[in-house]
Structure formats: structure tokens, C-alpha cells
Amino acid sequence: EEELVESGGGSVQTGGSLSLTCATSGLIYNGYCMAWFRQTTGKGREGVAAIDRFGNALYADPVKGRFTITQDNDKKMTTLQMNTLQPEDTATYYCAAEECLVTTIQALGRIDEADFAYWGQGTQVTVSS
């Protein structure tokens with residue numbers, strides 16, 4: 001049974017930092033692409049960052065230069081380091097995974113929820129001004 005669990009969310013003031021972690025179990029293949037999405041009440045999930053097994057990363061424009069995604073292929077986990085947080089970053093953050101042995105994130109060219117089969121339950125991030 002595939003399972004993803006996010007942790008590290010919380011409340012911070014504008015300009016602060018948080019680090020989110022996504023731990024997984026039951027992912028049995030050699031390589032996965034992993035990603036972070038976020039969702040605000042009444043809106044769909046927005047792609048934030050994605051990374052493939054080779055370490056190539058892709059970021060949404062609003063977080064470029066502020067967020068960094070990393071992955072551990074052996075542990076099949078991903079982290080999202082979020083710096084200089086802004087109120088507009090407030091959302092529930094979800095991690096996701098998909099089997100990704102050859103295709104690179106750059107070749108895929110997007111962070112789309114339709115491309116990911118396995119999902120966590122989310123962790124809340126609140127940024128106050």
C-alpha cells in the first residue's frame with residue numbers, strides 16, 4: 001500500500017522560513033518523480049515544485065528563487081525548503097509521487113496533478129503579515 005506523509009507545516013511571519021518533508025512507504029520501483037502542490041480553499045491544486053530521480057528540478061514562477069526542492073532516491077522522500085515566505089504562500093501543501101525511471105522533469109515541462117498517482121494528506125502553512 002503506497003503512502004505519503006507530509007510534515008513540517010506551521011505558522012510563520014512574513015520573511016520567515018519553513019522546511020516541509022514528505023516521507024513515503026510502499027513505493028517499490030527504482031525511481032520516482034516527486035512534487036509539491038498547494039491548495040487554498042475554493043481553488044484547485046497549484047503545482048509548486050517538482051524533481052526527478054536525477055535531481056533536475058522545476059519551480060512555479062511565484063516561488064522561484066525562494067523555494068528549493070530536494071530528494072533522496074534511496075529513502076524515496078522529498079523536502080521543500082521555503083525561504084522569505086509571503087502571505088500569498090499560505091495554503092495546504094501536498095506531496096505527490098509518480099513512477100519516473102527515465103523521463104526528466106524538464107522533458108515533462110510542467111507540474112500538473114494529473115501526472116502524479118500517489119498523494120499525501122497535506123500539511124498547513126500559514127504566513128502572517
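The values are calculated or read from the model by the stated rules, or taken from the named source; none is laboratory data. Being a predicted model, the structure only gives us computed values, none of them experimental. Quick note on the areas: whole protein, heavy atoms, side chains included, nothing else; ligands and nucleic acids left out. Shrake-Rupley method; radii C 1.70, N 1.55, O 1.52, S 1.80 Å.
Our coupling estimate for region 80-87, obtained by passing each phi through the Karplus curve with A = 6.51, B = -1.76, C = 1.60 and θ = phi - 60°, is 10, 8, 10, 10, 6, 5, 10, x Hz, Gly and Pro reported as x. What the chain shows is 51 Å² of accessible area per residue, with the surface traced by a 1.4 Å probe over protein heavy atoms.
Of all the options T41, T70, T78, the one that moves most in a Gaussian network model of the chain with Cα springs shorter than 10 angstrom is T41.
Across region 63-79, computed HN-Hα scalar couplings (Karplus, 6.51 cos²θ - 1.76 cosθ + 1.60, θ = phi - 60°) run 10, 4, x, 10, 10, 9, 9, 9, 9, 10, 5, 6, 7, 6, 9, 9, 10 Hz from first to last residue, x flagging Gly and Pro.
Residues whose amide H falls under 5 Å from that of G31, counting only those 5 or more places apart or on a different chain, are C100, with hydrogens built in the peptide plane.
Working note: 222 nm ellipticity from helices only, DSSP H runs with n ≥ 4, each -39,500 (n - 2.57), summed and divided by the residues of the chain, gives -500 deg cm²/dmol to the nearest 500. Solvent-accessible area assigned to carbon and sulfur over the chain amounts to 45 percent, based on a 1.4 Å probe. In the chain, the DSSP beta bridges split such that about 90 percent are antiparallel, to the nearest 5. A 1.4 Å probe, protein heavy atoms only, puts the accessible area of I111 near 30 Å².
Equivalent ellipsoid of region 65-129: semi-axes from √(5λ) of the C-alpha gyration tensor, largest first, are 24, 14, 13 Å. Proximity of backbone amide H atoms, modeled 1.01 Å from N, is registered between R66 and no other residue at under 5 Å, excluding neighbours fewer than 5 places apart on the same chain.
Couplings for region 11-25, taken from phi via the Karplus curve 6.51 cos²θ - 1.76 cosθ + 1.60 with θ = phi - 60°, read 10, 9, 8, 3, x, x, 10, 9, 10, 9, 10, 10, 9, 10, 8 Hz in order; Gly and Pro are left as x.
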